[in-house]
Amino acid sequence: MKNKFLLNLLLISNVFCFENVESKIENFFSLVQNKTINLIIKNNETKINSNLSIDGDIIFFDSSNHDNTITKIQNNTIFTYDFQNERLIIENADENFLSFFKFKNFNDYKVIKKSIFEDNHRITYSNNIYTLEIDFNEELNRIMKIKVVQNENIYFEVEILKIFENNNTIEKLLITNDWKTVDWRVE
């Protein structure tokens, strides 16, 4: 009887704990609005240190230290500022990995698995196209890693290092008349 009670108590506390973590993950996405997130993108064997800034409905992805580009995503359009070649590339976008940082896009996902991994709570979500793994550290009260998988292939994986006030990425986007515009949008 006593063991059954303890087992039920443990089960209930785990369910509550994971539900609380799910709420904290949702809150994290809303709290990073108008902030800059320093992160590392893992791309095959390469690790790219970059910054992601969220300014209302606009996302800025600054990887200029790696490839001399800053990407701006607004609605369904991607603007890539290539500082090395002095060109602006414009293209359509349905969904991309940066859009996961806009909380409203995250609402289409359902929880499919919950576990604890390396002192982090791992919540696995799915929207029938992508599987999204989020590692949340309760002690730091923030997301540590995000991995998106499509058809068993890692679509992208990021490690979040720190969050700070918005660093005004838009100020870096000054272009001159010498820049070439490449428009790849499909109507």
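Just so it is clear, none of the values below were taken in a lab; they were calculated from the coordinates. Just so we're clear, the structure is a prediction, and the values are computed from it rather than from any experiment. Heads up, the Cβs are rebuilt from the backbone with ideal geometry, glycines too, and the neighbour counts pull from every protein chain shown.
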Query raised in the report: So, how do all the Cα-to-Cα distances of segment 31-94 break down into 5 Å bins, in percent, from 0 on up?
Result: 4, 17, 23, 24, 23, 8, 1, 0
Query raised in the report: ³J(HN,Hα) across segment 140-154 via Karplus (A = 6.51, B = -1.76, C = 1.60, θ = phi - 60°), whole Hz, x for Gly/Pro?
Result: 8, 6, 7, 6, 9, 9, 9, 10, 10, 10, 10, 6, 6, 10, 6
**Report entry** Peptides 123-136, 45-58, 173-186 ordered by average Cβ neighbours within 10 Å, highest first
**Finding:** 123-136, 45-58, 173-186
Requested in this report: With no solvent and one equal point scatterer placed on each C-alpha of segment 119-187, evaluate the Debye formula and give log10 I(q)/I(0) for q = 0.24 Å⁻¹, two decimals.
Outcome: -1.01
